[in-house]
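The values are calculated or read from the model by the stated rules, or taken from the named source; none is laboratory data. All values reported here derive from a predicted model rather than from experimental measurement. Backbone-built Cβ (ideal geometry, glycine too); neighbour counts: all protein chains shown.
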Amino acid sequence: MDTETTDLTLDTPAGAAAAHLAAPVGAGSAGPGGGGPAVLVLHAWWGLNDDFRRWCDDLAAAGFTALAPDLFGGRVATTVDEADALRRTVPHDTARAIVEAARDELLARTGRDAVAVVGASLGAGWAVELAEADPAHVDAVVLYYGAAEAEWSRLRARVLHHFGDRDEMDPLEYVEQMQQAMVDAGLDATLEVYAGAEHWFAEPGRPEHHPEHAATAWARTVAFLGG
């Protein structure tokens, strides 16, 4: 499928924020149903790097309109220490304002009533927070190796989460408890566990990248979003 990409600027209460948009050719304009299924992509604590831009591009190739906001003002980290320091420089309210502005932009461009949200690690936490705060406008959530706490009964979204059994940041025991809490709250939630995979296994730019598991998780994500 032919796609088109562009970098744009979001107007938010916290100021201007950059974002990367990818869509099938001809699907980027607003109008009822004109933009295809809408997917918000929320990056990990590295910032909006090439991996997450590529996620948008690959989603567009699969027929979705995907938008990834930059929560860190163009700054990108490459090490854990840099990323940990970087995320601490962005106030919670600032990041939330950017996420909400990206949601609004995506809804306006596609004419859809709701978006799906794909979040990785730190971005997974933001995906859950948005789905909890605005259940009417989030109908699907995909979490890549990011555990979160929430009042799960507030969500109305279907949930798919991908975790590796060698993830040292979010131990599998905790993730399984989160999955059970979702099910107990009545959510349609699916947990996929990848043997031998670590945190960040789905990001080609990371040494933890596991190509086979990343490909499997991506195929499951695309099928889930299209369901």
Next item on the list: Taking only region 141-155 into account, find how many residues are touching a strand residue (DSSP E or B) at 6+ places or on another chain (Cβ under 7 Å) and either at negative phi or part of a helix (DSSP H, G or I) (or both).
Entry: 5
Next item on the list: Scan region 129-140 for residues that are touching a strand residue (DSSP E or B) at 6+ places or on another chain (Cβ under 9 Å), among the hydrophobic types (A, V, I, L, M, F, W, C) and farther than 10 Å from Leu42 by Cβ and jot them down.
Entry: Ala131, Val138, Ala140
Notebook entry, point to check: How many residues does region 16-46 hold that are at pLDDT 95 or above and surrounded by fewer than 16 Cβ atoms within 10 Å (Cβ to Cβ)?
Noted result: 1
Checklist line | Among residues of region 112-162, those that are over 14 Å from the mean Cα position of the chain (by Cα), of a type outside the set (A, V, I, L, M) and buried (at least 20 other Cβ atoms within 10 Å of the Cβ), counted | finding: 4
Check: Got a number for residues in region 171-204 being under 24 Å from Cys56 (Cβ atoms) and either surrounded by 13 or more Cβ atoms within 10 Å (Cβ to Cβ) or aliphatic (A, V, I, L, M) (or both)?
Finding: 10
Next item on the list: Tell me the strands (runs of 3 or more DSSP E) entirely within region 22-133 that contain at least 2 residues that are of a type in the set (Gly, Ala, Ser).
Entry: 65-69, 115-120
Next item on the list: Determine which member of the set Asp2, Asp93 is outside the structural domain of Glu203 (by TED's automatic domain parsing), out of contact with any Cys (no Cβ under 8 Å at 6 or more places or on another chain) and without any contact (Cβ under 8 Å) to a residue 24 or more places away in the chain.
Entry: Asp2
